[in-house]
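Only one structure is covered here, and it is reproduced in the block below.
We did not get these values from a lab; they are worked out from the coordinates using the rules stated. Since the structure is predicted, the reported quantities are computational estimates derived from the model, not experimental observations.
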């Protein structure tokens, strides 16, 4: 294996099909290996992920956050801890569903304590747990696809129900298009895909659409809730940073509590520094992202790499580089403030860069800012039975933590 300097490369590589086609979601945007095919697909759904839909969902996000805060505060009054990591997952999954379909999955209404776990989340945990076994033992994909329905339902109870739900929504969309009904407001994912397939004459394949939807749900839910869990852990373990943030949020209460304005929230300097530092330290892409060198070969950092070679870079090489980020493993939001902060911006790569940049970045940023702003404005909380060992990162292509972040709500400041 060669180690070469990080450099800017203006070549559009194919993803390595030997990795991406074995992830179990072959119909998704994630597994499109050809950059031109990816560009064409993105042109179909791109309008869903622009800034306007994310902006339009800000009031919905605020409502979900406040309902969740009330639920956790109630648990606190009963002397029960809250598994806030599961709360984050539910909020994000519902928000992704609002973005795709203009309606929620309803996960936010499930309980989020140590004794309750939604079947959908359990199914996702089981699905991602075999990511690398699928890669190293490709026959597993064939075996899993051969399981009868009752076995799948037993192993992944939430996914079958979810697939039936989405198929019902798809059928509603197709029926509306057949009847010539005009779409009210922005189009949903199913509207866009139905339009695109009818233009090309291709059939709508529910199995491929489900793979694509599942990728959006898992990527959005796992990555965003994961960063928020780290943010909660870091802030509750750093009283000085927490105090600075809460002071800034208190001054901003007119547009957090009184009349929610996410654009003003996203302009808060210390909150912005906290978000950037949490994105850096949480390593949302901990593993390799293999690409295949074009047949002509490529010169990188003084080396000629032959065509067909698999190459990759992992984000932590940059995000934890001590020459770029002194004391790289320490939570220091202040590094993103002041005169030197602008030089760090090009190294903020949590959402990747270029044509393959995270398609859900606008919604993710809004959710990160809004969640931290509302919860740390409203709730006085402390960690509950959560240690550094719980925050150890496990690479399952998407990262997970060894344990979960649990908190105990001391006070709901907005109800005092």
Discussion item. Over the chain, with a Gaussian network built from C-alpha contacts below 10 Å, which listed residue (58, 267, 179) shows the highest mean-square fluctuation?
Written reply: 179
Worksheet, complete the sentence: Residue span residue 329 to residue 147: 0.36 nm per residue of separation minus Cα-Cα distance leaves a gain in nm of 61.2 nm
Worksheet entry | Rel. contact order, % - alpha carbon contacts under 8 angstrom, at least six apart, the chain | 25
Worksheet item: Just 303, 88, 41 to compare: in a GNM of the chain, with alpha carbon springs under 10 Å, which one fluctuates most?
Response: 303
Item to complete: Report the residue, chosen from 380, 184, 36, that carries the largest GNM mean-square fluctuation when the chain is represented by alpha-carbon nodes joined by springs under 10 Å.
Response: 184
Response to the item:
Reduced to Cα centres, the span from segment 333-384 to segment 254-303 in Å works out to 7
Worksheet, complete the sentence: What one gets for segment 343-416 as the Kirkwood radius, inverse of mean 1/r over different Cα pairs in Å, is 15.4
Discussion item. How much length would be gained if the chain were fully extended between residue 385 and residue 320, taking 0.36 nm per residue of separation minus their Cα-Cα distance, in nm to one decimal?
Written reply: 20.7 nm
Worksheet entry | Under the Debye formula (equal points on every Cα, no solvent term), log10 I(q)/I(0) of segment 159-223 at q = 0.20, 0.26, 0.28 Å⁻¹ | -0.86, -1.24, -1.32
Practice prompt. Using only alpha carbon pairs under 8 Å that are at least six residues apart, calculate the relative contact order of segment 324-416 and give it in whole percent.
Written response: 21
Worksheet item: What share of Cα pairs, in percent, lie more than 32 angstrom apart in segment 14-415?
Response: 37
